[in-house]
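Please see the structure below; I have some questions.
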Amino acid sequence: MFKPMLGAALLAVSLAALAQPKYPSRTIEVVVPYAPGGGTDNLMRMITGIIDENKWSPVPMNVNNRAGGSGAVGYNYLINKKGDSHIVAGATPMVVSGKIEGRLPGNHRDAMTMLMIVAIDELMLSVRTESPYQTIEEFVKAARAKPGSLTVGGTATFTEDHIFTYLFEQAAKVKVKYVPFNSGGEVTAALMGGHIDAGVMNPNEIVAQIEAKKARNLAVASKKRLTDAQDVPTFAEKGYEFYWEQMRGVVGPANMAPEAVKWWQDTLKKVTDTKKWKEDYIKRNLLTPTQWTGEEANKYLDSLTDKYGKALHELGAVKK
């Protein structure tokens, strides 16, 4: 009597398992909302490269740069793919600040699915090796002597690079001219070409030039010196007290299928556990590694809302 019932139950479980949709089932579009060569581009190409090398994805992953509007073009494209589990994007603080500024219709809570925050990127001010400003003190002295004449390049307007420059001005009591570009790669090119006096840099954007001794980092906006860059002072220790960091992660559109969220979180965990990630991405680029998912990731992003809102209001990007 019980055996047929047991058999029927097992059959039902088996059929339910077979009915579970497999993920991924088609090509995944990997959106980079900035131009090639910048920090977000480097991040997503490193992640997809490690996935490809280890054959962790049964389908191709196509990296697609959709630059424009300080990241708004790419993120709006992602947001409009609500419910599509086969598209993800590199995440920057724009997933928070975009809604505050009115450039995006939503944020990480209501318009996107935060999959994982994989690293914290420290921001620094960098110059060419042949620059007349060999220390942060020399740069500040020149900026005070010629208010508004020294140029500082960064990625886009009203972004973390722009806010960094504003906070630096406030802390050092100087005035510089902020010059926006489409990506960190463009900032680096402009800096090395002598078109700007300094650049707001993530370490991964300038590391090749530092290693080639073609550029130097003047100071970093962290609370302590970076473990693998002990020669670079913090702004605070030089008397210009401000701190600024940039999260890096992977985000999908709202309403991603649960199996897609799980696949990405499991796969990103494997990626960030690899030696290549730890050595060639985290250590080489002076990053702080993280593996934040779910509420841990969302609460970190929540904490940026007031911080970014205040700075953007002071910059005139938003009204209170």
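Considering every residue within region 279-302, establish whether at least one is in a strand (DSSP E or B), polar (S, T, N, Q), at pLDDT 95 or above and surrounded by 14 or more Cβ atoms within 10 Å (Cβ to Cβ).
Start the filter on region 279-302 by keeping residues that are in a strand (DSSP E or B), which leaves 288-292.
Of the ones still in play, those that are also polar (S, T, N, Q) are 288, 290-291.
Then keep just the ones that are at pLDDT 95 or above; that gives 290-291.
So of that shortlist, the ones also surrounded by 14 or more Cβ atoms within 10 Å (Cβ to Cβ) come out as 290-291.
Checked region 279-302: at least one residue is in a strand (DSSP E or B), polar (S, T, N, Q), at pLDDT 95 or above and surrounded by 14 or more Cβ atoms within 10 Å (Cβ to Cβ).
For region 68-90, enumerate the residues that are in contact with a Ser or Thr (Cβ under 8 Å, 6 or more places away or on another chain) and surrounded by fewer than 21 Cβ atoms within 10 Å (Cβ to Cβ).
From region 68-90, those in contact with a Ser or Thr (Cβ under 8 Å, 6 or more places away or on another chain) are 70-71, 86, 90; that's our starting set.
H86 - this is the single residue of region 68-90 that is in contact with a Ser or Thr (Cβ under 8 Å, 6 or more places away or on another chain) and surrounded by fewer than 21 Cβ atoms within 10 Å (Cβ to Cβ).
Among the numbered criteria (1) open to solvent by less than 80 Å² (accessible area, probe 1.4 Å); (2) without any contact (Cβ under 8 Å) to a residue 40 or more places away in the chain; (3) within 18 Å of M247 (Cβ to Cβ), which one does K310 miss?
(1)
Looking at A208 and the list (1) farther than 15 Å from L287 by Cβ; (2) part of a loop (DSSP other than H, G, I, E, B); (3) without any contact (Cβ under 8 Å) to a residue 60 or more places away in the chain, which single condition is not satisfied?
Every listed condition holds for A208 apart from (2).
Matching residues to (1) under 23 Å from the mean Cα position of the chain (by Cα); (2) without any contact (Cβ under 8 Å) to a residue 40 or more places away in the chain; (3) open to solvent by 30 Å² or more (accessible area, probe 1.4 Å):
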site: D121; (1), (2), (3): yes, no, no
site: A142; (1), (2), (3): no, yes, no
site: G148; (1), (2), (3): no, yes, yes
site: T151; (1), (2), (3): no, no, no
site: V176; (1), (2), (3): no, yes, no
site: G193; (1), (2), (3): no, yes, yes
site: A198; (1), (2), (3): yes, no, no
site: A221; (1), (2), (3): yes, no, no
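Taking into account only those residues within region 27-50 that are part of a helix (DSSP H, G or I) and of a type in the set (S, T, N, Q), which is surrounded by the fewest Cβ atoms within 10 Å (Cβ to Cβ)?
Filtering region 27-50 for residues part of a helix (DSSP H, G or I) gives 39-50.
Okay, now just the ones that are also of a type in the set (S, T, N, Q), so 40, 42, 48.
Numbers: T40: 31, N42: 23, T48: 19.
My answer is T48.
Of all residues in region 100-124, how many are within 20 Å of M256 (Cα to Cα) and not hydroxyl-bearing (S, T, Y)? Explain how you work it out, then say what you get.
Here is the first cut: in region 100-124, the ones within 20 Å of M256 (Cα to Cα) are 104-118.
From what's left, not hydroxyl-bearing (S, T, Y): 104-112, 114-118.
Of the residues in that region, 14 qualify.
Output yes when any residue across region 241-250 is of a type in the set (D, E, K, R), over 18 Å from M94 (Cα atoms), modelled with pLDDT of 95 or more and in contact with a strand residue (DSSP E or B) (Cβ under 7 Å, 6 or more places away or on another chain), and no when none is.
Taking every residue of region 241-250 in turn, none turns out to be of a type in the set (D, E, K, R), over 18 Å from M94 (Cα atoms), modelled with pLDDT of 95 or more and in contact with a strand residue (DSSP E or B) (Cβ under 7 Å, 6 or more places away or on another chain).
Next question, about the same structure. Looking at region 100-143 only, could you name the residues that are at pLDDT below 95, part of a helix (DSSP H, G or I) and not aliphatic (A, V, I, L, M)?
E101
Return the residues of region 32-76 that are among the small types (G, A, S) and closer than 15 Å to G98 by Cα; say none if nothing qualifies. Outline the logic, then answer.
So the first thing to find is which residues in region 32-76 are among the small types (G, A, S), and the list is 35, 37-39, 49, 57, 67-72, 74.
Scanning region 32-76 gives A67, G68, G69, S70, G71, A72, G74.
Then there is this: Based on this model, can you work out whether M247 counts as of a type in the set (A, V, I, L, M), in contact (Cβ under 8 Å) with a residue 24 or more places away in the chain, assigned to a strand (DSSP E or B) and crowded, with 19+ Cβ neighbours inside 10 Å?
Values: of a type in the set (A, V, I, L, M): yes; in contact (Cβ under 8 Å) with a residue 24 or more places away in the chain: yes; assigned to a strand (DSSP E or B): yes; crowded, with 19+ Cβ neighbours inside 10 Å: yes.
Yes; evaluated as a whole, the condition is true for this residue.
Evaluate region 72-95: report whether one residue or more is under 30 Å from P233 (Cβ atoms) and aliphatic (A, V, I, L, M).
First pass over region 72-95, keeping only residues under 30 Å from P233 (Cβ atoms): 90-94.
In the following step, the residues that additionally are aliphatic (A, V, I, L, M) were identified as 91, 94.
Checking region 72-95: at least one residue is under 30 Å from P233 (Cβ atoms) and aliphatic (A, V, I, L, M).
Here is a further query. For residues that are within 26 Å of E186 (Cα to Cα) and not in a strand (DSSP E or B), scanning just region 58-67, find the one that is most open to solvent (accessible area, probe 1.4 Å). Spell out how you get there, then give the answer.
Let us first name the residues in region 58-67 that are within 26 Å of E186 (Cα to Cα), namely 61-67.
Keeping just the survivors that are not in a strand (DSSP E or B) gives 66-67.
Working: R66: 76, A67: 45 Å².
Selected residue: R66.
The values are calculated or read from the model by the stated rules, or taken from the named source; none is laboratory data. Computed from a predicted model, the values in this text were never measured in an experiment. Methodologically, a virtual Cβ is constructed for each residue, glycine included, from the backbone with ideal geometry; neighbour enumeration extends over all protein chains shown. What goes into the accessible areas is simple: the full protein's heavy atoms, side chains included, and nothing from ligands, DNA or RNA. Shrake-Rupley method; radii C 1.70, N 1.55, O 1.52, S 1.80 Å.
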